[in-house]
1. Where in region 144-210 are there helices (runs of 4 or more DSSP H), lying fully within it, with 1 or more residues that are in contact with a helix residue (DSSP H, G or I) (Cβ under 9 Å, 6 or more places away or on another chain) and touching a residue at least 60 places away in the same chain (Cβ under 8 Å)?
2. Got a number for residues in region 22-46 being surrounded by fewer than 24 Cβ atoms within 10 Å (Cβ to Cβ) and either closer than 23 Å to residue 257 by Cβ or away from ligand 1 (no atom under 15 Å from the Cβ) (or both)?
3. In region 121-154, how many residues are within 16 Å of ligand 1 (Cβ to nearest atom) and among the β-branched types (Val, Ile, Thr)?
4. Just one of the numbered conditions (1) within 17 Å of the chain's Cα centre (by Cα); (2) away from ligand 2 (no atom under 16 Å from the Cβ); (3) acidic (Asp, Glu) is not true of residue 248; which one?
5. Can you spot a residue in region 119-131 that is open to solvent by 10 Å² or more (accessible area, probe 1.4 Å), touching a Gly at 6+ places or on another chain (Cβ under 8 Å) and touching a residue at least 40 places away in the same chain (Cβ under 8 Å)?
6. Got at least one residue in region 101-109 being touching a residue at least 24 places away in the same chain (Cβ under 8 Å), open to solvent by 70 Å² or more (accessible area, probe 1.4 Å) and more than 16 Å from ligand 2 (Cβ to nearest atom)?
7. Taking only region 155-190 into account, find how many residues are among the charged types (D, E, K, R), within 19 Å of residue 126 (Cβ to Cβ) and either modelled with pLDDT under 95 or more than 11 Å from ligand 1 (Cβ to nearest atom) (or both).
8. Which one is most open to solvent (accessible area, probe 1.4 Å), of the residues in region 230-266 that are of a type in the set (Val, Ile, Thr) and modelled with pLDDT of 95 or more?
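The values are calculated or read from the model by the stated rules, or taken from the named source; none is laboratory data. All of these numbers come straight from a predicted model, not from anything done at the bench. We place every Cβ from the backbone using ideal geometry, glycine too, and count neighbours over all the protein chains shown. The accessibility values were calculated without ligands, DNA or RNA, using every heavy atom of the protein model including side chains. Shrake-Rupley method; radii C 1.70, N 1.55, O 1.52, S 1.80 Å.
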Amino acid sequence: MKRKLILDVDTGTDDAVAIMLAALHEDLDLVGITTVNGNAEVHYCTDNSLRVLDWIGKPEIPVHEGCFKPLVRNDFPVPRSKGDLTEKIHGKHLPLPETSLKAQEQHAIEYLVETYRNTTDPITLVPTAPLTNIAAALAVEPKLVDLIPEVVIMGGGHDVGNITPSAEFNIWADPEAAHAVFNAGFEKLTLVPLDATHKALITATQCRQFQQLGTPAGTAMADCTAHRIGVHDKIQRMDIEHSAPVHDAVCVAYLIQPEVITLERYPVDIETQGALTVGRTVVDKAHRGTRPDNCNVAFDANAALFVDIMMKTFAKTA
Ligand code: BDR
Ligand code: CA
């Protein structure tokens, strides 16, 4: 049986790749997409998700728009508007044609609650965006912790931050929501932080290979990632020259081949107060605190395998 999943996204150049991988891989069944405020205002994230689905010929996958602001904060520049890193990496519109596809009427929170209440099959939840929708859905239906078999989150960074010295964007963008999710009591919580995604870099040479596939997914992957590489080269250089992480797609690759990341189990919590550290994902690697282990954290990734999974999947759509 195919593995069912729901993606919660703020599409976004790397969310776009995650959507394509989830929608096109033969072992996965992408049952729905929910969108949230993050890389751009939520309506842009919704429109971008629909553009991706249209472009790759998957118009039947439903998209449900979710929260337009963080749970409690009005004082963060999220979505970040002009001239900053997120704007440059993602922009408002993806480099894909406009679409006539429309989002569903039902709000993302209602969709998540209703889908998990009614399903008889396990559906993995994969949030690759600020955790606002997930925290709100948990507030409506706390039994989601029992109904969702695994949550795979792109977020956080132990040795590296990307929005502040301490914090990664998805967690920082709504720290109270992230705190609620990490403390909800999910039995299987998997975190793919920057520590892993920065080891699964896509190079400019690989971008050209994706382009040469000549498929809609191959060209979209190449265009989105080439743009990311250009921005990273200018303002956040990676260990490999002319390369960029495609963070969110690593979570989907993990569902296809778990060995694409290396997991270690630790207590994980979210800082919501610190003047310098708000939004930090605190991974207690030395077990100095009193909290029990609650999360499988990826500290390494197999870049060659990651590229291979995407190359094979995106080649098939010609
Ligand atoms: C995360 O932040 C977003 O900008 C990306 O889409 C990714 O989910 C990386 O920090
Ligand atoms: Ca994202």
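1. On the way: elements: 144-147, 169-172, 175-182, 194-197.
Because the criterion is at least 1 residues that are in contact with a helix residue (DSSP H, G or I) (Cβ under 9 Å, 6 or more places away or on another chain) and touching a residue at least 60 places away in the same chain (Cβ under 8 Å), the helices (runs of 4 or more DSSP H) in region 144-210 that meet it are 169-172, 175-182, 194-197.
2. So the answer is 10.
3. Total meeting the criteria: 7.
4. Looking at each condition in turn, residue 248 falls short on (2).
5. no
6. For region 101-109, residues touching a residue at least 24 places away in the same chain (Cβ under 8 Å), open to solvent by 70 Å² or more (accessible area, probe 1.4 Å) and more than 16 Å from ligand 2 (Cβ to nearest atom): present.
7. So the first thing to find is which residues in region 155-190 are among the charged types (D, E, K, R), and the list is 159, 168, 174, 176, 187-188.
If we keep only those that are within 19 Å of residue 126 (Cβ to Cβ) as well, we get 168, 174, 187-188.
Those still in the list that are either modelled with pLDDT under 95 or more than 11 Å from ligand 1 (Cβ to nearest atom) (or both) too: 174, 187-188.
The total comes to 3.
8. Once the filter is applied, the top-ranked residue is 262.
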